[in-house]
1. Checking the conditions here, which among A:ILE80, A:ILE31, A:ILE69 is in contact with a strand residue (DSSP E or B) (Cβ under 6 Å, 6 or more places away or on another chain) and within 28 Å of A:ALA200 (Cα to Cα)?
2. A:ALA79 - would you say it is more than 18 Å from the chain's Cα centre (by Cα), more than 16 Å from the ligand (Cβ to nearest atom) and crowded, with 22+ Cβ neighbours inside 10 Å?
3. Could you say which residue among A:ALA181, A:ALA200, A:ALA156 is surrounded by 18 or more Cβ atoms within 10 Å (Cβ to Cβ), at pLDDT 95 or above and part of a helix (DSSP H, G or I)?
4. Could you please find all residues in region A:38-63 being among the β-branched types (Val, Ile, Thr) and more than 16 Å from the ligand (Cβ to nearest atom)?
5. What's the number of the only condition in (1) within 28 Å of A:ALA174 (Cα to Cα); (2) of a type in the set (A, V, I, L, M); (3) away from the ligand (no atom under 16 Å from the Cβ) that A:ILE66 fails to meet?
6. So for region A:6-22 (the condition being away from the ligand (no atom under 16 Å from the Cβ), within 14 Å of chain B (Cβ to nearest Cβ) and at positive phi), does at least one residue qualify?
7. Could you give every pair whose Cβ atoms fall below 8 Å, whose first residue belongs to region B:160-174 and is part of a loop (DSSP other than H, G, I, E, B), and whose second residue is of a type in the set (Lys, Arg), counting only separations of at least 6 or pairs across chains?
8. Among the residues of region B:78-92, count how many are of a type in the set (Gly, Ala, Ser) and within 8 Å of another protein chain (Cβ to nearest Cβ).
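The values are calculated or read from the model by the stated rules, or taken from the named source; none is laboratory data. What you are looking at is a predicted structure, and each value in this text was computed from that prediction instead of being measured. Glycine also receives a Cβ, built like all others from the backbone with ideal geometry; neighbour counts cover every protein chain displayed.
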There are 2 protein chains.
Amino acid sequence: MLNIEDLKLYLCTDRGLSLGRPLVETVEDAIAGGVTMVQIREKDIPSREFYDLALQALRVTRAHHIPLIINDRLDIALAIGAEGVHLGQSDLPCIEARRVGGEDFIIGVSAHTPAEAVRAERDGADYIGAGAVFPTGSKADVSAIIGLDGLKAAAASVKIPVIGIGGIGPKNAAEVIASGAAGIAVISAILSQPDIREAAMILRRCLG
Amino acid sequence: MLNIEDLKLYLCTDRGLSLGRPLVETVEDAIAGGVTMVQIREKDIPSREFYDLALQALRVTRAHHIPLIINDRLDIALAIGAEGVHLGQSDLPCIEARRVGGEDFIIGVSAHTPAEAVRAERDGADYIGAGAVFPTGSKADVSAIIGLDGLKAAAASVKIPVIGIGGIGPKNAAEVIASGAAGIAVISAILSQPDIREAAMILRRCLG
Ligand code: NI
């Protein structure tokens, strides 16, 4: 079950952007700095490796009462007992994930347009990740940038909470919240910083 | 729920080995020729694409009352309502897949040694895929060939049925069955043949 407050400072992991530091260590430090929710995202690794990594992360998030969300892989989320799954537009249909995951399972869906957000809400999503709000180093496609206006439009189109994702850091976090987002999702603004805990604390302060 | 007879002639799909023919068409033809079970295996495609493909295959297998098994992706199996999942040693742990999938869900596990077979049985597997029995073009690792002796050892180590996989065709299918296998799993012996239906019919005859 989603607590909207948990969306405030949402960390997406990416082992390629964490300056070589082990995932579990970065998650631990990020939580110490004030991250409220964690999504584990891994592509192109064997299922068992993803499972093992997610299970390690879950031990940390559980100890700190932080919800853990698994990107794409509903099966891994269910196998480890994670709190939820996050689905992109190329992942499983939200409506099927809801049926399989059950009522209390958290499901987030990435949306780039109000239409995608509305469909996700109709299909049982608990929250929307809308973006990319700003240009980002991790995803190069400029045409996919929705800006603060796109974020506002997405947030206005649904009743479920919307978080902004893409290029968000201390300088623009407050604008994202002011545009109707319940929180911000970040990768490099936390993971790529030399002091992860401090980076998370600074972002928390920007969110008011 | 697994019917042991369904393991007799088990087709694993591989779009790279089907001479460019569409998956659904090859599955349809293979079933017409006598295939008794179908496993869909896809690597490196987006989840949604795998889901769509599996759903297409399910329409065909359902129409012919043939169980459909999904390789690795338990979530896709559950999302489409497939009969089961097949797990390799680098996939999710069998014991977790059983917990998530439930009692009646079919779970197969690939094993290369009697120890792996015994563990899979203990963890709730319904059947074992043992191999590679013979050298195969699709998997080049020669050290992974267990031979008929390895197949016999695997079959003798567990109570659940064992099927042979790897390099099996009309010339050696009977030996595989004589070595204690409940059936044969094939890819190219059906998929790479010009006449898929006929290739399946020939194999069926070899199985007695
Ligand atoms: Ni801690």
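1. Details: A:ILE80 fails: in contact with a strand residue (DSSP E or B) (Cβ under 6 Å, 6 or more places away or on another chain); A:ILE31 fails: in contact with a strand residue (DSSP E or B) (Cβ under 6 Å, 6 or more places away or on another chain).
Every option except A:ILE69 fails the conditions.
2. Details: more than 18 Å from the chain's Cα centre (by Cα): yes; more than 16 Å from the ligand (Cβ to nearest atom): yes; crowded, with 22+ Cβ neighbours inside 10 Å: yes.
Yes: the conditions hold for A:ALA79.
3. Values: A:ALA181 fails: part of a helix (DSSP H, G or I); A:ALA156 fails: surrounded by 18 or more Cβ atoms within 10 Å (Cβ to Cβ).
Just one listed residue meets the conditions, A:ALA200.
4. Initially, region A:38-63 is screened for residues among the β-branched types (Val, Ile, Thr), giving A:38, A:40, A:45, A:60-61.
Passing the criteria: A:ILE40, A:ILE45.
5. The single condition A:ILE66 does not satisfy is (3).
6. Taking every residue of region A:6-22 in turn, none turns out to be away from the ligand (no atom under 16 Å from the Cβ), within 14 Å of chain B (Cβ to nearest Cβ) and at positive phi.
7. If the second residue must be of a type in the set (Lys, Arg), the pairs left are B:GLY166/B:LYS139.
8. Taking region B:78-92 and keeping what is of a type in the set (Gly, Ala, Ser), we get B:79, B:81-82, B:84, B:88, B:90.
From what is left, the residues that are within 8 Å of another protein chain (Cβ to nearest Cβ) are B:79, B:90.
Total satisfying the criteria: 2.
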